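Here is the structure we will look at, set down as structure tokens.
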Amino acid sequence: MDEEYDVIVLGTGLTECILSGIMSVNGKKVLHMDRNPYYGGESSSITPLEELYKRFTLPDSPPESMGRGRDWNVDLIPKFLMANGQLVKMLLYTEVTRYLDFKVVEGSFVYKGGKIYKVPSTETEALASNLMGMFEKRRFRKFLVFVANFDENDPKTFEGVDPQTTTMRDVYKKFDLGQDVIDFTGHALALYRTDDYLDVPCLETINRIKLYSESLARYGKSPYLYPLYGLGELPQGFARLSAIYGGTYMLNKPVDEIVMEDGHVVGVKSEGEVARCKQLICDPSYITDRVRKAGQVIRVICVLSHPIRNTNDSNSCQIIIPQNQVNRNSDIYVCMISYAHNVAAQGKYIAIISTTVETSEPEAEIEPALELLEPIDQKFVAISDLYEPTDDGTDSQVFASRSYDATTHFETTCNDIKDIYKRMTGSDFDFENMKRKQNDVFGEDEQ
């Protein structure tokens, strides 16, 4: 271990594994360590089921009705991939897709007045949907056509809207959309968790709705994908990429000290040895003195023996409860997957509720979501602090990632990756940098 590396990475969460993969592909000498004996850190999938019971210190072991423990892979952080989003792009460019299989999530639903409705995924569905009345549907259709044709580089498509100054609130007014449709558009299509977006320029919202429709167009049922065997497969896929390009991995490796000289990082000390480095990437748990708490997220893992009511018996879906519907500031999300994704025993379903904590009684906040899932066989409650770095790492060359937020997809995680990449290298992140070098598969294809 007494060696010199360009970059040392601490923690094998998804953010860290993608960055170590990119750095390795770009020719950097990388050492990747984790104090845990497994990959994934906060974003791992727990197997067997007995391990999950232990992790949440439940007194009993799983009942026999739960089937074989090793048939379970339970995500600690529930998220889906947008089919046309940044993470899928990263997977394709690095060819990490060859280690993973995905399924399309069967439907996206939105909560309104105590009931759930399918988010329309085609024009026909939109016209048949009970979410809005007939005249509202026509206005909404006009709005969607406007968004689909909108091109920020072509003023002819603006229809009097200035993407840099017109607020989204004004765009909604222009199309005369009612409050329910605004809630649905902002939260189920643009996937905002709060209503702060209404009073900022509309360009980002328009791009988010475009991402949703383009993702939806790829597979038809919903814009979301989910990997077989759980999200823990993602960090492992990128770790494998890093290893192919010479990255060194050490699990179960305690970190005694991050060694600093004159205010910048020079190495990491573990079990009496020091590995030297020029730059360090790590998750917040390794450098508690360089991060600050930025809020909390509650996540509740619920094991069910039935699909969720009113979802057409889907074996996977997402439900969004917009904040206005339940008098909150931020949305509540439910991600549901099942035995069809090799993450649960036959006939079992896993629904994970998540939201930003707003009161001193987080469990009471998610009550509307729990009601949708009844009856629940077993639930596991986790309340996690969210951390963000206190500085940008320019002086210290220590780059901390942000905790995984309550959003239902990986777009914010990818933004963090691009942001860290830019601070480390001084240049903008370019997906082209992630492409495997030709003839560079080190005998992988011969296997």
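The values are calculated or read from the model by the stated rules, or taken from the named source; none is laboratory data. Bear in mind the structure is a predicted one, so any value in this text is a computation, not a measurement. No Cβ is skipped: glycine too gets one built from the backbone with ideal geometry, and neighbour counts run over all protein chains shown. For accessibility, only protein heavy atoms count, side chains too; no ligands or nucleic acids. Shrake-Rupley method; radii C 1.70, N 1.55, O 1.52, S 1.80 Å.
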Gain in length, E3 to I376, computed as 0.36 nm per residue apart minus the alpha-carbon separation, to one decimal in nm? 129.1 nm
At D428 and A294, where each label point lies 7 Å from the Cα along Cα→Cβ, what is the point-to-point distance in nanometres? 2.2 nm
Work out the charge dipole of the chain with +1 on the Cβ of Lys and Arg and -1 on the Cβ of Asp and Glu about the Cα centre, then indicate which of A148, I376, I321 is farthest towards its positive end. A148
Name the long-range amide H neighbours of H306: under 5 Å, sequence gap of 5 or more, or other chain; modelled H, no Pro or chain starts. Y349
Can you list residues from other chains, or at least 5 along the same chain, whose modelled amide H is less than 5 Å from the amide H of Y5? R276, C277, K278
Pop out the ³J(HN,Hα) list for the range 153-169 in order, Karplus 6.51 cos²θ - 1.76 cosθ + 1.60 with θ = phi - 60°, rounded to Hz; leave Gly and Pro as x. 9, 10, x, 5, 8, 6, 6, x, 9, 9, x, 8, 10, 5, 7, 5, 4
Solvent exposure of the chain as accessible area per residue, Å², 1.4 Å probe: 43 Å²
Would you compute, from DSSP H runs of 4+ residues alone, the mean residue ellipticity of the chain at 222 nm, taking -39500 (n - 2.57) per run and dividing by the full residue count, rounded to the nearest 500? -7500 deg cm²/dmol
Calculated FRET efficiency for the pair E64/E273, C-beta based, R₀ 60 Å, to 0.05: 0.80
Round to a whole angstrom and tell me the spacing of the C-alpha centers of the range 169-198 and the range 1-70. 38 Å
Among all the lysines, which ones have a C-alpha under 27 Å from K115's C-alpha, if same-chain residues fewer than 8 places away are not counted? K79, K103, K137, K142, K173, K210, K221, K348, K379
With +1 on the Cβ of every Lys and Arg and -1 on the Cβ of every Asp and Glu, and nothing else charged, how large is the dipole of the range 100-238 about its Cα centre, in debye rounded to the nearest 20? 500 debye
Modelled FRET efficiency - R0 35 Å, Y99 with E367, Cβ distances, 0.05 increments: 0.35
Using a 1.4 Å probe on the protein chains only, how many percent of the accessible area of the range 119-218 belongs to carbon and sulfur? 51 percent
Whole-Hz ³J(HN,Hα) for each residue in the range 280-296, computed from phi via Karplus 6.51 cos²θ - 1.76 cosθ + 1.60 with θ = phi - 60°, x for glycine and proline: what do you get? 9, 10, 7, 7, x, 5, 8, 9, 4, 7, 10, 10, 10, 6, 10, x, 9
Given the candidates L189, L203, A217, the one whose Cα lies deepest towards the positive end of the charge dipole of the range 178-269, counting +1 at each Lys or Arg C-beta and -1 at each Asp or Glu C-beta, is A217
Percent of Cα pairs exceeding the 28 Å cut-off, where the set is the chain: 53 percent
Can you run phi through the Karplus equation (6.51, -1.76, 1.60; θ = phi - 60°) for the range 356-373 and list ³J(HN,Hα) in whole Hz, with x for Gly and Pro? 6, 6, 10, 10, 7, 10, x, 5, 6, 5, 9, 3, x, 6, 4, 4, 5, 9
How many nm is it between the label spots at L251 and K142, if each spot is 7 Å from the Cα in line with the beta carbon? 5.8 nm
Quick one: putting +1 on the C-beta of Lys and Arg, -1 on the C-beta of Asp and Glu, what dipole do you get for the chain around its Cα centre, in Debye to the nearest 20? 1280 debye
For the range 305-435, give the percent of accessible area contributed by carbon and sulfur heavy atoms, probe 1.4 Å, rounded to a whole number. 42 percent
Report, by chain and number, residues whose modeled amide H sits under 5 Å from the one on G295, excluding near sequence neighbours (fewer than 5 apart, same chain). L386
Compute the FRET efficiency between E51 and A340 as 1/(1 + (r/R0)^6), taking r as their Cβ-Cβ distance and R0 = 25 Å, and round to the nearest 0.05. 0.70
State, as an integer percentage, the relative contact order of the chain based on alpha-carbon contacts under 8 Å between residues 6 or more apart. 25 percent
